[in-house]
2 protein chains.
Amino acid sequence: MNYYRERVAKLAAWMEETHVDLTIVTSPGNVMYLSGFYGNPHERFMGVIVPRQGEPFLLLPALDRDKAAGKGTMPVYGHSDTDQPIDVLRQALELKAEDMQKIAIEKTHLTVSRLEQLEADFPGAVYANAEDRLLTMRLQKDPHEIAIMRRAAKLADEAVRFAAAQISVGRREYEIVQAVESFARQQGAERMAFETMVLAGENSALPHGVPGMREIRRGDLVLFDLGIVWEGYCSDITRTVAVGEASDAQRQIYEAVRAANQAAIEQVRPGVTAAEIDRAAREVIADAGYGDYFSHRVGHGLGIDVHEAPSMHGQNGQILLPGMTFTIEPGIYLPGVGGVRIEDDVRVTDSGVEVLTGYPKELQIIDLA
Amino acid sequence: MNYYRERVAKLAAWMEETHVDLTIVTSPGNVMYLSGFYGNPHERFMGVIVPRQGEPFLLLPALDRDKAAGKGTMPVYGHSDTDQPIDVLRQALELKAEDMQKIAIEKTHLTVSRLEQLEADFPGAVYANAEDRLLTMRLQKDPHEIAIMRRAAKLADEAVRFAAAQISVGRREYEIVQAVESFARQQGAERMAFETMVLAGENSALPHGVPGMREIRRGDLVLFDLGIVWEGYCSDITRTVAVGEASDAQRQIYEAVRAANQAAIEQVRPGVTAAEIDRAAREVIADAGYGDYFSHRVGHGLGIDVHEAPSMHGQNGQILLPGMTFTIEPGIYLPGVGGVRIEDDVRVTDSGVEVLTGYPKELQIIDLA
């Protein structure tokens with residue numbers, strides 16, 4: 001619980017420095033980060049309200065109030081469908097609207113309509129953006145977050161193990177997706193971090209393929225990409241296996257990807273840039289002659305959101321700091337043939353790297369006997 | 001295809017009347033309504049751009065361009081992750097930014113950040129809201145839409161039939177959910193309209209329950225609530241069945257709900273208000289002595305969005321017009337005991353009502369032999 005208080009205190013310190021009177025945090029990820037409560041209010045209003053003077057509180061639809069209050073991190077107010085949430089907010093504040101001269105919001109999340117309601121209720125205020133500050137705070141995970149993410153990664157390992165055991169000739173991609181998601185749920189996953197991918201044969205060569213009716217055949221590469229949400233934090237793992245046998249060409253691209261994954265992981269430590277990690281993987285794949293077939297960044301930040309900062313691409317000069325967590329997921333995709341991707345979740349430690357995902361990375365050939 | 005041109009022409013006529021120079025439509029539902037393309041660009045920009053003078057076009061992430069262009073309804077421009085989408089928009093317009101003095105946007109969808117980009121690129125413009133106009137246009141479905149919704153409703157009927165056949169003692173709620181969603185997909189559903197609900201026993205008394213590990217037992221009521229998306233339009237059906245046997249109390253609440261569903265349907269015709277439909281169902285349930293246990297509105301509009309206008313609640317004086325489509329879904333929920341809900345999708349015809357869903361509504365007692 002102290003973690004949440006610390007986070008709010010950090011935000012309040014920024015407000016003091018920048019003379020922000022009131023911060024309204026509305027994106028589900030940032031609300032979760034500050035309050036411990038994850039909700040999706042759809043078109044309804046949900047926000048953590050942090051006044052520079054006074055207690056922070058959570059305002060959300062009345063039907064979620066009890067669940068949110070159960071987190072015990074801050075007072076919770078509910079609004080009904082007949083309330084104007086911004087009116088409720090103003091009343092809960094116990095402060096004069098005129099004293100709110102600078103209000104920080106999330107500009108890429110708050111809608112124009114909500115802004116107009118704020119402008120009506122807080123006349124004369126100017127609006128700053130709280131997003132950069134929150135993004136910076138979330139970049140370095142604290143020990144509480146790391147412990148949760150370790151568990152989310154372990155659950156992802158187990159789900160991949162289960163998925164590999166589901167392979168048989170004639171089974172369809174989507175049948176395995178459903179079996180895996182059912183298994184994950186039984187293991188206690190809150191939800192999947194994104195739509196599970198099981199892609200066989202030529203489909204595995206589509207970096208954003210959608211699992212369908214394709215039946216698994218001997219000689220296919222099958223790519224699994226899945227993630228588990230555990231206590232609000234995401235894992236994200238990819239493994240690729242061969243069915244019954246692997247051709248020389250398949251082995252070649254597999255080993256190039258594995259070496260690229262390893263090379264990138266070995267570069268991770270404080271002080272290195274995101275771009276250097278991307279480059280480490282890309283060089284290995286280019287040297288193996290597949291440079292044209294690694295068509296995406298090497299990874300992405302991971303945490304409450306499945307895609308968050310830092311973006312691990314070749315133009316990102318951002319310096320890695322202890323506590324950052326991200327994926328390393330090089331791939332080679334040969335159109336019409338097949339693809340291989342190997343993805344791990346890693347954390348920057350004080351001196352190097354901790355790999356959170358642990359499923360083996362040697363080429364696994366599924367026995368069809 | 002002419003349907004899409006007609007819709008854009010109606011919007012353009014409104015722009016002429018209200019002196020709007022440019023409309024930017026960004027919500028996935030309204031983009032689909034005007035262009036035929038349904039996409040979820042996440043944080044990226046997607047919009048139908050309608051200039052008062054000039055051709056409308058669709059602007060979206062480059063990776064969706066081919067798929068959207070395949071709809072053949074309007075020119076499609078792609079933007080890459082390194083473009084500023086609003087810059088691409090301004091270039092594609094072939095009009096002077098200074099001539100855009102009044103711009104209509106979707107204020108409950110567009111973010112403050114996008115508005116600030118527009119303000120920078122179109123200096124001096126004022127911003128109107130296009131949402132009411134689009135909402136009004138979407139209220140009355142055209143024959144093309146009705147034909148699609150009939151098919152979506154038939155697929156929902158088939159999915160309920162399949163679901164009822166999945167019941168056996170000891171089976172868990174979520175197992176049936178997965179079997180049903182798999183079946184729907186095999187039948188050609190694009191996706192489910194919302195998370196399928198299968199709620200057994202005391203869980204059926206939770207109007208927003210989440211299917212879980214509860215095993216089905218003899219004597220349970222089991223409630224199915226599901227919807228299919230077909231060519232971009234949603235269906236939404238609920239049926240409740242009894243497992244092996246039904247107690248007198250269960251039969252009583254079932255028959256009260258069935259009579260309420262029927263009474264509400266019989267009221268549907270042009271000229272009646274949404275509130276009258278709600279009242280027709282509520283009176284039947286109150287007369288049966290369960291007035292306190294029907295805790296939600298009688299229904300909601302249905303179309304591209306699974307919840308859209310008109311809201312079928314007791315305070316909505318909106319007058320029904322031909323072509324409106326909505327659900328009728330009274331329910332009785334006895335905490336700790338069980339619940340019954342019966343939901344149909346209906347369309348207002350020129351003189352009365354067409355019920356789109358057709359699965360039988362007599363109490364079905366699942367044979368366990």
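Tell me, yes or no, whether the stretch B:238-258 has at least one residue that is among the basic types (Lys, Arg), farther than 14 Å from B:Ile167 by Cβ and assigned by TED's automatic domain parsing to the domain that holds B:Arg282. Yes, some residue in the stretch B:238-258 is among the basic types (Lys, Arg), farther than 14 Å from B:Ile167 by Cβ and assigned by TED's automatic domain parsing to the domain that holds B:Arg282. The number of residues in the stretch B:279-330 that are hydroxyl-bearing (Ser, Thr, Tyr) and in contact with a Ser or Thr (Cβ under 9 Å, 6 or more places away or on another chain) comes to 1.
Scan the stretch A:107-116 and give yes if some residue there is part of a helix (DSSP H, G or I), without any contact (Cβ under 8 Å) to a residue 60 or more places away in the chain, surrounded by 13 or more Cβ atoms within 10 Å (Cβ to Cβ) and not hydrophobic (A, V, I, L, M, F, W, C), otherwise no. Yes - at least one qualifying residue is present in the stretch A:107-116.
Please work out if B:Asp278 is of a type in the set (Asp, Glu), assigned by TED's automatic domain parsing to the domain that holds B:Arg150, within 23 Å of B:Arg239 (Cβ to Cβ) and free of Cβ contacts under 8 Å to residues at least 60 places away in the same chain. Let's see the steps before the verdict.
On the way: of a type in the set (Asp, Glu): yes; assigned by TED's automatic domain parsing to the domain that holds B:Arg150: yes; within 23 Å of B:Arg239 (Cβ to Cβ): yes; free of Cβ contacts under 8 Å to residues at least 60 places away in the same chain: yes.
Yes.
Looking across A:Gly299, A:Gly323, one residue alone is closer than 17 Å to A:Phe194 by Cβ and at pLDDT 95 or above. It is A:Gly299. Here B:Ser204 fulfils each of the conditions (1) at pLDDT 95 or above; (2) surrounded by 15 or more Cβ atoms within 10 Å (Cβ to Cβ); (3) over 19 Å from B:Thr325 (Cβ atoms) apart from (1).
Would you mind finding the one in B:Val210, B:Val229 that is within 14 Å of another protein chain (Cβ to nearest Cβ) and β-branched (Val, Ile, Thr)?
Matching residue, one of B:Val210, B:Val229: B:Val210.
The number of residues in the stretch A:284-293 being under 26 Å from the mean Cα position of the chain (by Cα) and surrounded by fewer than 17 Cβ atoms within 10 Å (Cβ to Cβ) comes to 0. Just so you know, in the stretch A:36-62 the residues that are among the hydrophobic types (A, V, I, L, M, F, W, C) and within 14 Å of chain B (Cβ to nearest Cβ) include one that is nearest to A:His79 (Cα to Cα), and it is A:Ala62. Could you please give the count of residues in the stretch B:197-207 that are in a loop (DSSP other than H, G, I, E, B) and either in contact with an Asp or Glu (Cβ under 7 Å, 6 or more places away or on another chain) or over 15 Å from B:Thr238 (Cα atoms) (or both)? Here the count works out to 0. Out of everything in the stretch A:107-131 that is among the charged types (D, E, K, R) and within 12 Å of chain B (Cβ to nearest Cβ), what residue ends up being farthest from the chain's Cα centre (by Cα)? This residue is A:Glu119. Looking only at the stretch A:103-115, decide whether some residue is polar (S, T, N, Q) and more than 30 Å from B:Glu106 (Cβ to Cβ). Within the stretch A:103-115, not a single residue is polar (S, T, N, Q) and more than 30 Å from B:Glu106 (Cβ to Cβ).
In the stretch A:329-359, the residue that is surrounded by the fewest Cβ atoms within 10 Å (Cβ to Cβ) out of those that are over 13 Å from the mean Cα position of the chain (by Cα), aliphatic (A, V, I, L, M) and modelled with pLDDT of 95 or more is A:Val355. Exactly one residue out of B:Val229, B:Val222 is part of a strand (DSSP E or B) and over 27 Å from B:Arg251 (Cα atoms), and it is B:Val229.
What tally of residues in the stretch A:216-270 results from selecting those that are among the acidic types (Asp, Glu), in contact with a helix residue (DSSP H, G or I) (Cβ under 6 Å, 6 or more places away or on another chain) and surrounded by 24 or more Cβ atoms within 10 Å (Cβ to Cβ)? Even if it seems obvious, please write down each step before you answer.
So the first thing to find is which residues in the stretch A:216-270 are among the acidic types (Asp, Glu), and the list is A:220, A:225, A:231, A:236, A:245, A:248, A:255, A:266.
Add one more test, that the residue is in contact with a helix residue (DSSP H, G or I) (Cβ under 6 Å, 6 or more places away or on another chain), and what stays is A:220, A:231.
Filter once more, keeping what is surrounded by 24 or more Cβ atoms within 10 Å (Cβ to Cβ): A:220.
Residues that pass the stated criteria total 1.
If you scan the stretch A:162-176, which residues turn out to be touching a Gly at 6+ places or on another chain (Cβ under 8 Å) and crowded, with 18+ Cβ neighbours inside 10 Å? Full working, then the answer.
Of all residues in the stretch A:162-176, those touching a Gly at 6+ places or on another chain (Cβ under 8 Å) come to A:169, A:172-174.
Residues satisfying the conditions are A:Arg172, A:Glu173, A:Tyr174.
Does B:Val272 qualify as being in contact with a Phe, Trp or Tyr (Cβ under 9 Å, 6 or more places away or on another chain) and within 16 Å of B:Leu321 (Cα to Cα)?
Numbers: in contact with a Phe, Trp or Tyr (Cβ under 9 Å, 6 or more places away or on another chain): no; within 16 Å of B:Leu321 (Cα to Cα): yes.
The answer is no for B:Val272.
When A:Phe183, A:Phe194 are checked against the criterion of being part of a loop (DSSP other than H, G, I, E, B), surrounded by fewer than 22 Cβ atoms within 10 Å (Cβ to Cβ) and within 12 Å of another protein chain (Cβ to nearest Cβ), a single residue qualifies: A:Phe194. Scanning the stretch B:49-90 for residues that are under 19 Å from B:Thr111 (Cα atoms) and over 30 Å from the mean Cα position of the chain (by Cα) gives B:Asp81, B:Asp83, B:Gln84, B:Asp87, B:Val88, B:Arg90.
Scanning the stretch B:144-172 for residues that are at pLDDT below 95 and touching a helix residue (DSSP H, G or I) at 6+ places or on another chain (Cβ under 7 Å) yields one hit, B:His144. Residues considered: B:Glu145, B:Glu158. Of these, the only one that is surrounded by fewer than 18 Cβ atoms within 10 Å (Cβ to Cβ), touching a residue at least 12 places away in the same chain (Cβ under 8 Å) and away from chain A (no Cβ under 13 Å) is B:Glu158. Within the stretch A:70-106, the set of residues being in a loop (DSSP other than H, G, I, E, B) and away from every other protein chain (no Cβ under 14 Å) comprises A:Gly70, A:Lys71, A:Gly72, A:Thr73, A:Met74, A:Pro75, A:Asp83, A:Glu94, A:Leu95, A:Lys96, A:Met100, A:Gln101. If you go through the stretch A:161-176 and keep only what is within 14 Å of another protein chain (Cβ to nearest Cβ) and either within 20 Å of A:Thr327 (Cβ to Cβ) or not β-branched (Val, Ile, Thr) (or both), you end up with A:Gln166, A:Arg171, A:Arg172, A:Glu173, A:Tyr174, A:Glu175.
For (1) in contact (Cβ under 8 Å) with a residue 60 or more places away in the chain; (2) under 30 Å from B:Ala309 (Cα atoms); (3) not β-branched (Val, Ile, Thr), each residue gets a yes or a no:
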position	(1), (2), (3)
A:Ile24	yes, yes, no
A:Ser27	yes, yes, yes
A:Pro41	no, yes, yes
A:Asp64	no, yes, yes
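The values are calculated or read from the model by the stated rules, or taken from the named source; none is laboratory data. From a predicted model like this one, the values you see are computed outputs, not experimental measurements. A quick note on method: Cβ atoms are made from the backbone with ideal geometry, for glycine too, and the neighbour counts reach across all protein chains shown.
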